[in-house]
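One structure below.
The values are calculated or read from the model by the stated rules, or taken from the named source; none is laboratory data. Everything numeric in this text was worked out from a predicted model, so none of it was measured. When we count neighbours, we look across all protein chains shown, and the Cβ atoms used for this are built from the backbone with ideal geometry, even at glycine. Surface accessibility is based on the protein's heavy atoms, side chains included, excluding ligands, DNA and RNA. Shrake-Rupley method; radii C 1.70, N 1.55, O 1.52, S 1.80 Å.
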Amino acid sequence: MERLRVDKWLWAARFYKTRSIAKAAIESGKVHLQGQRVKVSREVAVGERLAVKQGWDEKEIIIKALSDQRGPAPVAQTLYEETPQSIERREREAQARKAAGGATARPTQKPGKHERKALERLRKQFDL
């Protein structure tokens, strides 16, 4: 196998639980190949560089092997290698989030109907 669809590879490498979730992430712009947005049907090859955003973290990885079957996690981890700069950046950002965690005040009560809808609109706007 020389090339494989990016959604299938992301699913096999266990970045996303299902192919449909991988497809949605790609379509929303959370996956970049060589620095550019990618389409779901784009085929990837060994040696290409992907940037995958998951939650707060953005991982920059290099594809080491291709697989169209989802296997155990130790096998999936052999399909890619995360760059040292990406690991360092993620650790630095995690420490910053942890340090700032106590800085925000917790709300005293649950949001009401209108507040909840406003929060949903805000989350959709920033894709959170």
| query | Of all the accessible heavy-atom surface of region 27-91, with the other protein chains kept in place and a 1.4 Å probe, what percent is carbon and sulfur? | reply | 46
| So which aspartates and glutamates pass the test for Lys117, namely a Cα distance under 18 Å, with those fewer than 8 places away in the same chain ruled out? | Asp127
| request: Determine the dipole magnitude for the chain: charges of +1 sit on the beta-carbon of Lys and Arg, -1 on that of Asp and Glu, nothing else is charged, the reference point is the Cα centre, and the result goes in debye to the nearest 20. | output: 740
| message | Let's test the formula: R0 of 30 Å, r as the Cβ-Cβ distance of Ser41 and Asp127. What FRET efficiency results, to the nearest 0.05? | response | 0.85
| Set Lys23/Lys113; Lys53/Lys124; Lys17/Lys53; Lys23/Lys98; Lys30/Lys98; Lys30/Lys59 screened for pairs whose C-alpha atoms are more than 20 Å apart | Lys23/Lys113; Lys23/Lys98; Lys30/Lys98
| note | So Ala103 and Glu82, fully extended at 0.36 nm per residue minus their Cα-Cα distance, gain in nm 4.5 nm
| Solvent exposure of the chain as accessible area per residue, Å², 1.4 Å probe | 72
| query | Once Rh for the chain is found with the Kirkwood sum over Cα pairs, what is the Stokes-Einstein diffusion coefficient at 4 °C and 1.567 mPa s, in µm²/s? | reply | 78
| task | Once you have the Cα-Cα distance between Arg70 and Ala118, take 0.36 nm times their residue separation minus that, and quote the gain in nm to one decimal. | result | 13.4 nm
| query | What number, in percent, do you get for the relative contact order of the chain if the mean sequence gap of Cα pairs under 8 Å and at least 6 apart is divided by its residue count? | reply | 21
| Residue-count net charge about Ala94 - beta-carbon cut-off 15 Å; Lys, Arg +1, Asp, Glu -1 | +1
| request: Count the net charge of all other residues whose Cβ sits under 13 Å from the Cβ of His114, scoring Lys and Arg as +1 and Asp and Glu as -1. | output: +3
| request: Treating cross-link reach as a plain straight distance, find the aspartates and glutamates whose alpha-carbon is under 16 Å from the alpha-carbon of Lys39, omitting any fewer than eight places away in the same chain. | output: Asp7, Glu27, Glu48
